[in-house]
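Take a look at the structure set out below.
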Amino acid sequence: MENLNDLLNEKHDYKTVVIDSIDWLEKLAVQKVCSDIKKSTLAELDFGKGYALLIPQFESVIHLLNQLRKVRKMNVILIAHTKLEKIADPSGASYDQYAPRLDKRVNGIVKEWVDIIAFATHTVAKTEQDEGFKKTRTTVKVVKDKDGNDRILFLESNPAIVAKSRYTLPAKMPLDGEVFFTSLWNIIYPPSAKTAESRRQTAVKTNS
């Protein structure tokens, strides 16, 4: 909190603030709440009351991050590890889904606030090998695309992952910072026809 306040109030030229990771920040918040209520763990309070005390902590963090975005025009990046959650689907069988490793209350606050949730993973290919006696063995191999990239970024949820985007980005793309931020920048600040024509004329003049 002190560092975020410094970024908000002190003079600096930083353009981006990164919290790595938001789930470790949650652990620090848990430690602070336990210290304030003089308990060893939040579970010592019944009916989830301990974890409910995390909400004001994270609402304060989100407020400061929002101020950094609006007042200081800073980009905000939150990095999270993942966990497997069991999803009870009322219309069918339950299934496992990768989600941010956060308490469900904290996750709700963060998920609602952010514009993009991207899930990074390796691109893999699965093959089934017959071992005889009606047994098969599944092998998984990391594969690379034509540019040598073996990681992918998902920007749209599916039953296996949590993801989202408030922008019209593709459902998935290579895990490449330049590709991602160029795509996002062109959506937020689309080049006008006038700008495109000006660039074309400049290029013609330069090359003539």
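The values are calculated or read from the model by the stated rules, or taken from the named source; none is laboratory data. Everything numeric here is computed off the predicted structure, so don't read it as measured data. Neighbour counts are summed over all protein chains in view; Cβ atoms, including those assigned to glycine, are modelled from backbone coordinates with ideal geometry.
Of the residues making up segment 89-108, just one is touching a residue at least 40 places away in the same chain (Cβ under 8 Å), out of contact with any Asp or Glu (no Cβ under 6 Å at 6 or more places or on another chain) and part of a helix (DSSP H, G or I), namely 105.
Take segment 145-159 and flag every residue that is modelled with pLDDT of 70 or more and in a loop (DSSP other than H, G, I, E, B).
Going through segment 145-159, the residues modelled with pLDDT of 70 or more turn out to be 149-159.
Selection gives 149, 150, 155, 156, 157, 159.
In segment 63-88, which residues are surrounded by 10 or more Cβ atoms within 10 Å (Cβ to Cβ) and not in a strand (DSSP E or B)? Matches in segment 63-88: 63, 64, 65, 66, 67, 68, 69, 71, 72, 74, 80, 81. Of all residues in segment 9-62, those satisfying the criterion of being part of a loop (DSSP other than H, G, I, E, B), surrounded by fewer than 17 Cβ atoms within 10 Å (Cβ to Cβ) and under 25 Å from the mean Cα position of the chain (by Cα) are 13, 14, 15, 21.
Across segment 63-85, the number of residues qualifying as farther than 20 Å from residue 110 by Cβ and within 20 Å of the chain's Cα centre (by Cα) comes to 1. When the residues of segment 173-189 are filtered to those that are loosely packed, with under 14 Cβ neighbours inside 10 Å and of a type outside the set (Val, Ile, Thr), the one that is nearest to residue 119 (Cα to Cα) is 177.
The single residue among 21, 60, 35 that is touching a residue at least 24 places away in the same chain (Cβ under 8 Å) and more than 24 Å from residue 161 (Cβ to Cβ) turns out to be 60.
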